[in-house]
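Participant: Here it is, the structure in full.
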């Protein structure tokens with residue numbers, strides 16, 4: 001009779017050391033398979049990028065059909081995207097240039113809200129122009145208002161939370177901030193009036209849904225208004241001749257001097273000591289390199305601005321706002337000058353590139369990696385706006401420079417020499 005081995009006896013004869021070696025061999029083999037698979041996938045993606053790049057140089061990218069040439073020429077990276085763009089990603093480009101303008105005697109306004117720009121749920125923007133003497137009437141709104149003067153001069157009025165009056169003149173590049181519910185007005189001054197950008201901490205905000213003093217009082221019963229003020233009803237006839245929706249923007253004569261207005265409003269109360277305005281031109285750069293500069297304005301240096309943080313960025317020709325992301329808020333951008341492009345990485349292999357010109361609006365969802373590059377021959381100037389108390393960002397260079405080098409090299413398939421050339425720290429504008 002032939003001899004047969006006992007399976008149990010065979011198992012029992014396997015030493016713990018053999019088991020550990022078998023497990024180690026299995027893990028090693030598995031790691032090798034995963035590494036091989038990852039390398040194969042990266043090679044396949046590299047080949048795909050090469051094929052796309054080649055196709056863009058040939059007939060595959062030709063377009064013989066109708067084309068809006070002006071839009072195409074202003075957006076070359078949208079019309080013919082970089083080969084590294086991939087997958088479906090939300091549109092993160094908009095522009096005030098095609099927004100509806102509400103024109104009234106005294107000026108005009110136009111807005112970009114979530115209605116027109118669905119990706120921007122946190123922030124809405126309004127661009128407004130007032131003639132010399134033109135008034136954005138006394139009003140307030142649910143959203144906080146941050147603003148930058150684009151040109152000209154204006155007079156601001158407000159009262160603070162203790163009812164103390166504020167009257168101040170602002171000029172080009174000055175900022176202001178009015179918290180939600182704080183009543184205020186804006187009037188264009190001579191010689192040419194003013195234009196400014198308003199940024200609100202609510203993507204659903206609309207200029208058509210603000211509390212206007214003339215609209216509110218026009219819709220209060222006359223006897224109630226008379227009782228409230230202790231005046232005869234017939235003295236209020238003019239209030240009820242105001243347009244049904246209030247004045248909004250209207251023309252009046254130029255005001256007197258700033259000192260005259262401040263003296264008139266102070267009355268029994270001293271002027272407010274709240275600094276609702278901020279002189280950006282007087283601020284030194286927060287970061288500066290040979291390729292540009294960044295000025296960060298948030299509640300740390302502009303205390304009243306508790307709902308919106310900002311950065312004013314200047315990139316010289318050939319410069320790049322480094323690869324980075326923001327931990328605490330999505331980024332709403334407004335382009336003031338020049339030409340640039342931005343690629344936003346949407347995770348899951350999805351990335352999209354768009355071009356930006358003066359008057360355009362960009363948006364980057366919270367934590368999404370991106371860069372901004374100056375593609376023109378003049379300075380690129382834009383704003384980064386955040387629904388946040390403080391400005392925060394992290395850079396790819398800073399991250400990789402402070403991670404063990406072997407780990408970084410294994411991830412990116414780069415040499416130690418290449419890794420050592422990565423800027424050692426945060427450099428907002430490169431080349432430094």
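Participant: Go through the residues of segment 351-359 one by one and say whether even a single one is over 23 Å from residue 111 (Cβ atoms), out of contact with any helix residue (DSSP H, G or I) (no Cβ under 7 Å at 6 or more places or on another chain) and surrounded by fewer than 22 Cβ atoms within 10 Å (Cβ to Cβ).
Facilitator: yes
Participant: Please go through segment 221-266 and pick out each residue that is within 29 Å of residue 192 (Cα to Cα) and part of a helix (DSSP H, G or I).
Facilitator: Of everything in segment 221-266, those that are within 29 Å of residue 192 (Cα to Cα) and part of a helix (DSSP H, G or I) turn out to be 258, 259, 260, 261, 262, 263, 264, 265, 266.
Participant: Across segment 360-386, what is the total count of residues that are buried (at least 18 other Cβ atoms within 10 Å of the Cβ) and out of contact with any strand residue (DSSP E or B) (no Cβ under 6 Å at 6 or more places or on another chain)?
Facilitator: Matching residues across segment 360-386 total 1.
Participant: Which numbered condition in (1) closer than 15 Å to residue 119 by Cα; (2) in contact with a strand residue (DSSP E or B) (Cβ under 6 Å, 6 or more places away or on another chain); (3) in a loop (DSSP other than H, G, I, E, B) is the only one that residue 349 fails?
Facilitator: Every listed condition holds for residue 349 apart from (1).
Participant: Give the residues of segment 287-311 that are more than 14 Å from residue 321 (Cα to Cα), surrounded by fewer than 18 Cβ atoms within 10 Å (Cβ to Cβ) and either touching a residue at least 24 places away in the same chain (Cβ under 8 Å) or touching a strand residue (DSSP E or B) at 6+ places or on another chain (Cβ under 6 Å) (or both), sorted by residue number.
Facilitator: 299, 300, 303, 306 - these are the residues of segment 287-311 that are more than 14 Å from residue 321 (Cα to Cα), surrounded by fewer than 18 Cβ atoms within 10 Å (Cβ to Cβ) and either touching a residue at least 24 places away in the same chain (Cβ under 8 Å) or touching a strand residue (DSSP E or B) at 6+ places or on another chain (Cβ under 6 Å) (or both).
Participant: Next question, about the same structure. Just give me the residues in segment 268-292 being over 35 Å from the mean Cα position of the chain (by Cα) and under 26 Å from residue 180 (Cβ atoms), in sequence order. Lay out the reasoning, then the answer.
Facilitator: Restricting attention to segment 268-292, the residues satisfying the condition of being over 35 Å from the mean Cα position of the chain (by Cα) are 268-270.
The answer is 269, 270.
Every residue, every condition in (1) within 20 Å of the chain's Cα centre (by Cα); (2) assigned by TED's automatic domain parsing to the domain that holds residue 295; (3) under 20 Å from residue 298 (Cα atoms), yes or no:
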| site | (1), (2), (3) |
| --- | --- |
| 166 | no, no, no |
| 178 | yes, no, yes |
| 207 | yes, no, no |
| 230 | no, no, no |
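Participant: Criterion first (out of contact with any helix residue (DSSP H, G or I) (no Cβ under 8 Å at 6 or more places or on another chain), touching a residue at least 40 places away in the same chain (Cβ under 8 Å), in the same structural domain as residue 146 (by TED's automatic domain parsing) and surrounded by fewer than 20 Cβ atoms within 10 Å (Cβ to Cβ)) does residue 254 satisfy it?
Facilitator: Working: out of contact with any helix residue (DSSP H, G or I) (no Cβ under 8 Å at 6 or more places or on another chain): yes; touching a residue at least 40 places away in the same chain (Cβ under 8 Å): yes; in the same structural domain as residue 146 (by TED's automatic domain parsing): yes; surrounded by fewer than 20 Cβ atoms within 10 Å (Cβ to Cβ): yes.
It is true that residue 254 is out of contact with any helix residue (DSSP H, G or I) (no Cβ under 8 Å at 6 or more places or on another chain), touching a residue at least 40 places away in the same chain (Cβ under 8 Å), in the same structural domain as residue 146 (by TED's automatic domain parsing) and surrounded by fewer than 20 Cβ atoms within 10 Å (Cβ to Cβ).
Participant: Shifting gears a bit: Pick out, from segment 77-157, the strands (runs of 3 or more DSSP E) lying fully within it that include 1 or more residues that are in contact with a strand residue (DSSP E or B) (Cβ under 8 Å, 6 or more places away or on another chain), touching a residue at least 60 places away in the same chain (Cβ under 8 Å) and within 18 Å of residue 383 (Cβ to Cβ). Steps first, please.
Facilitator: On the way: elements: 93-95, 102-104, 107-112, 124-130, 134-140.
The qualifying strands (runs of 3 or more DSSP E) are 93-95, 107-112, 124-130.
Participant: Is it the case, given these coordinates, that residue 296 is at pLDDT 95 or above, outside any loop (DSSP other than H, G, I, E, B) and outside the structural domain of residue 173 (by TED's automatic domain parsing)?
Facilitator: Values: at pLDDT 95 or above: yes; outside any loop (DSSP other than H, G, I, E, B): yes; outside the structural domain of residue 173 (by TED's automatic domain parsing): yes.
For residue 296, the condition - at pLDDT 95 or above, outside any loop (DSSP other than H, G, I, E, B) and outside the structural domain of residue 173 (by TED's automatic domain parsing) - is met.
Participant: Hey, another quick one. For segment 102-125, check the following and say yes or no: at least one residue is under 23 Å from residue 349 (Cα atoms) and more than 24 Å from the chain's Cα centre (by Cα). Even if it seems obvious, please write down each step before you answer.
Facilitator: First pass over segment 102-125, keeping only residues under 23 Å from residue 349 (Cα atoms): 118-120.
From what's left, more than 24 Å from the chain's Cα centre (by Cα): none.
So far as segment 102-125 goes, no, none of its residues is under 23 Å from residue 349 (Cα atoms) and more than 24 Å from the chain's Cα centre (by Cα).
The values are calculated or read from the model by the stated rules, or taken from the named source; none is laboratory data. From a predicted model like this one, the values you see are computed outputs, not experimental measurements. Methodologically, a virtual Cβ is constructed for each residue, glycine included, from the backbone with ideal geometry; neighbour enumeration extends over all protein chains shown.
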